[in-house]
Amino acid sequence: MKDPRIETLAKNLINYSVRFQKGEKVLIENFGLQKELVMALVKEAYAAGGYPFVSLKDQQVDRALLLGAKEEQFDMMADFEANVMSKMDAYIGLRSGDNINELADVPDDKMKIQGATVGKRVHRDIRVPKTKWVVLRYPNSSMAQLAKMSTEAFEDFYYNVCNLDYGKMDKAMDNLVELMNKTDKVRITGEGTDLTFSIKDIPAIKCSGQMNIPDGEVYTAPVRDSVNGVITYNTPSPYHGFTFENVRLTFKDGKIVEASANDTDRINKIFDTDEGARFIGEFAIGVNPYILHPMQDILFDEKIAGSFHFTPGQCYDDAFNGNHSNIHWDMVNIQRADYGGGEMYFDDVLIRKDGLFVLPELEALNPDKLK
């Protein structure tokens, strides 16, 4: 019997997340062949009076393509997918692979070319700025295993996270956005972390279910050359099929001048991708009340209540700090007491301690108020 929560999720994605309208076209792209939600999305798109298009993909097949492709084929892939994306009004990306390390043995040069062709020309140049889009995962046994939960318990967790009242969250974010837009200096302290930077005149953007599901973050970017100090990330961070741990970055005038991890050589090769890879493109504060622990899936981990992420690489156009790169790597630090605690200051005023907002106007974003 079909889980009724799938239909609720499909309705929310079509009607709230991408705000789908009569006569519009939506591309539903699924990695992992999870037909139940795809079919529910098709049904809801038709009910809204629009035109659904479906692309079904498989990560093992994608790996085979990447291993054999030459640069000219990457160009052709980018042309093919860009032609489709350019005709869409909305995009729903559904990821449900069984193995987060499926691409671990794809050579770095292949991944870089894919990022510079398909990644840039299809997603960064068309999908992100020109469509109403949302990206999400679909629950399976692999995700449950990463979350250290039974499959049934993980499914309950997943639907709590994905079907919460994002409209309520959206309103609760307004005061944080206003405060960030008035802030110059940010300081973040915690175990292995003492970091300062400016966010002056860079817009703060709320994410409340209209680009990612699950959602729950407010992001901006640091002034490119303002970052100084050290940060130690206390969550595992998968990237290109390898899971990095104990990542520690040292900054001077915005640039990563020292990086270490469980594979220091590998992480420095990533930061040597291009000049912008050693500068920060995003600073974001996570607030989703149902996501408390990392599960090596950035769509979940970057929304963890009491966390922030500090992202080397490409900035977003709507929070533009001038940094360009072929990478955008969200890495997460959790500041709740059970993860070692920490403090966040805006212009020398404490706004969050041990993962909880302490200013009265921000308390609506604490977990007990958002559930």
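The values are calculated or read from the model by the stated rules, or taken from the named source; none is laboratory data. Please read all numbers here as calculations on a predicted model, not as lab measurements. Heads up, the Cβs are rebuilt from the backbone with ideal geometry, glycines too, and the neighbour counts pull from every protein chain shown. Surface areas here come from the heavy atoms of the whole protein model, side chains and all, with no ligands, DNA or RNA. Shrake-Rupley method; radii C 1.70, N 1.55, O 1.52, S 1.80 Å.
The table below gives the values:
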quantity	calculated
Members of region 9-19 that are open to solvent by 10 Å² or more (accessible area, probe 1.4 Å) and touching a residue at least 40 places away in the same chain (Cβ under 8 Å)	Asn12, Tyr16, Arg19
Hey, Asn30 open to solvent by 50 Å² or more (accessible area, probe 1.4 Å) and of a type outside the set (Gly, Ala, Ser) or not	no
Residue within region 311-328 that is in contact (Cβ under 8 Å) with a residue 12 or more places away in the chain, closer than 25 Å to Lys148 by Cβ, open to solvent by less than 20 Å² (accessible area, probe 1.4 Å) and in contact with a strand residue (DSSP E or B) (Cβ under 7 Å, 6 or more places away or on another chain) present	no
Cβ-Cβ under 7 Å pairs, at least 6 apart or on other chains, region 329-358 side more than 21 Å from Phe300 (Cβ to Cβ) and free of Cβ contacts under 8 Å to residues at least 12 places away in the same chain, far side open to solvent by less than 50 Å² (accessible area, probe 1.4 Å) and among the acidic types (Asp, Glu)	Leu350/Glu343
Residue that is farthest from Ser208 (Cα to Cα), among those in region 157-166 that are out of contact with any Gly (no Cβ under 8 Å at 6 or more places or on another chain) and of a type outside the set (D, E, K, R)	Phe157
Considering residues of region 69-83 that are open to solvent by 50 Å² or more (accessible area, probe 1.4 Å) and part of a helix (DSSP H, G or I) only, the residue nearest to Asp108 (Cα to Cα)	Glu71
Residue satisfying condition, being touching a His at 6+ places or on another chain (Cβ under 9 Å), open to solvent by less than 30 Å² (accessible area, probe 1.4 Å) and either of a type in the set (Val, Ile, Thr) or in a strand (DSSP E or B) (or both), within set Val118, Val106, Val122	Val106
Strands (runs of 3 or more DSSP E) wholly inside region 236-339 containing at least 2 residues that are within 21 Å of Val134 (Cβ to Cβ)	280-286, 307-312
Single condition Arg187 does not satisfy, out of (1) open to solvent by less than 20 Å² (accessible area, probe 1.4 Å); (2) charged (D, E, K, R); (3) in a strand (DSSP E or B)	(1)
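Here is a yes/no grid of residues against (1) part of a loop (DSSP other than H, G, I, E, B); (2) open to solvent by less than 10 Å² (accessible area, probe 1.4 Å); (3) under 24 Å from Asn83 (Cβ atoms):
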{"site": "Glu7", "(1), (2), (3)": "no, no, no"}
{"site": "Gly23", "(1), (2), (3)": "yes, no, yes"}
{"site": "Ala45", "(1), (2), (3)": "no, yes, yes"}
{"site": "Phe53", "(1), (2), (3)": "no, no, yes"}
